[in-house]
Each structure stands twice: as structure tokens, then as C-alpha cells.
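Beneath this line is the structure, given in C-alpha cells, with notes to follow.
The values are calculated or read from the model by the stated rules, or taken from the named source; none is laboratory data. As the structure is a computational prediction, the values presented were derived from the model and not from experiment. Heads up, the Cβs are rebuilt from the backbone with ideal geometry, glycines too, and the neighbour counts pull from every protein chain shown. Side chains included, ligands, DNA and RNA excluded: accessible areas come from the protein's heavy atoms. Shrake-Rupley method; radii C 1.70, N 1.55, O 1.52, S 1.80 Å.
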Amino acid sequence: MSQTDKLKKPAKRQRREAAIAAKREARQREQAARRRSALLTYGGLAVGAALVVAVVVIVNLRGRSGLVEIDAPTLSARAAQGAPAGAPGAGAPTPGEVDAAAGAEASPRGVVKRYPSQGVAHIRLGDSHPPYNSNPPTSGWHTPETAPWGAHRREIPDQVIVHNLEHGGIWISYRDPSNTELVDRLETLAGRYRSKVIVTPRPQNDAPIAVAAWTRLMKLDEYDEDKIVRFIEAYRNRGPEQVPD
């Protein structure tokens, strides 16, 4: 073998090894590119899924009416089922529970609170019964009679109007009868509806305006026609007892 042939062999081997190394590097670059692409794809899917979840949560929170709904702070389950506040026995609400629930009642304004149903038991006007779980009440003990729909300038017992709520009615109550401008606006709004809306004074309210349906309650510090109308459209005719208009 000549000296030239001896020199050629290492050169061929080096070129072959260099080609193998180049192919290996190219495969590694391709694999890295695939991994980056997969990460971008899965990352995009994860972001998309998170956005979908966020939209679903927002839609569920606001509901079809656009009003925000939250679960109201309540007393113990025993109280919700009818045990008087402070009654003896397991599950009776403590004074602290009563104070906490009462304090939470005051806020937030303009938000619809969901209350547990306290049932549909009939009582006679003047009969004692466990405390309602909201102010004004949105379910529970009521008389067999209902109040006429429309605007009233006199107070009507809670036990009567709760029956109106059971029929799918909306109860708009105001705390200060001397606020004639507010009273006129509420009565005018109620006049748009042939039935299933009732307006009354109720000095026991802890807000200037309360809008109630069965297990739903919204409190307002001032007249907000848009929110009141949306509440009526969302909850009117949604009581547990279906009664034609």
C-alpha cells in the first residue's frame, strides 16, 4: 500500500464520522423543535381551557340576567329547617352565628343572594313560627291567603306576602314611606306588570329598597331601575307553586 493510500484512509474515516455527527445533530435539532412545538400546542390548549373555565364561572356567577348571584351567609342547617334561633339541641345557632349572619345581611348591595328554602308550611296570621332566614323573608311560613298584586301604601304582614312569592311573585319593599319620590318611581315601575309584582312599605328593612323573589333577595341603597327590571325578568314566575298570571 502506497503512502498516499495510507493517508486517504484516515481522511475518509473522518469525513464519515463528520457526516454521522452532522446527521445526529440534525436529528437532535428536529427533536428539540418538535418538543417546543408540543409545548406551545399544549400550553395554548391549557390557556384556552383556562379561559373557557373562567368564562363559564363568570356566566354561572352572573346568570342569564347579568345580575351577580351569591350564596347568602346563613345560620346553621337546623335553623334553616325551622329550629328557632338559640333553641336547645345539636345544630342550634349560637348567638355568634346569629350576629354574623345579621352583619352579613347588610352587604353587598345590588347583588342577588340565594337563601335556603324554609319550606311552604301554612300558618294562621298571628301564629308563632321560627325566624325567617332573611330580611325581608324569601320563603317559609305563610298564610293561606295572598295579597293583591300591585302597589300598596299600607304595610302587609310578611306571612301573607311570602305566599305571593311562592306563586312566583316579586316583592319590592321600601323602608321610608316619606320618600315620596322613591315611592312614586317604584309604583310606576310596578304598574308595567299586570300581575306577579307587589310593592309595599316595610320599615323593618335594613336597606332603603329590597327586591325579593322565592329564595332570592337583592338590596339597594337607591333606585336602580335597570337592576330591578332585570331581577323581575330573571325571577318572576319561578316560585315553587305555578299559578297563572
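With both labels modelled 7 Å from their Cα along Cα-to-Cβ, the Asp221 to Ser178 distance reads 2.1 nm. Computed extension length for Arg13-Arg192: 54.9 nm, one decimal, from 0.36 nm per residue of separation with the Cα-Cα distance subtracted.
Between Val68 and Arg185, how high is the FRET efficiency from 1/(1 + (r/R0)^6) when r is the Cβ-Cβ distance and R₀ = 25 Å? Nearest 0.05. The value I calculate is 0.60.
Heavy-atom accessible area with a 1.4 Å probe sorts His129, His167, His142, His122, largest first, into His122, His129, His167, His142.
Using the Cβ atoms and a cut-off under 14 Å, what net charge is assigned to the surroundings of Ala22, where Lys and Arg are +1 and Asp and Glu are -1? Taking every other residue near Ala22 into account, the sum is +3. Other residues with beta-carbon under 14 Å from the beta-carbon of Ile123 carry, at +1 per Lys or Arg and -1 per Asp or Glu, a net charge of -3.
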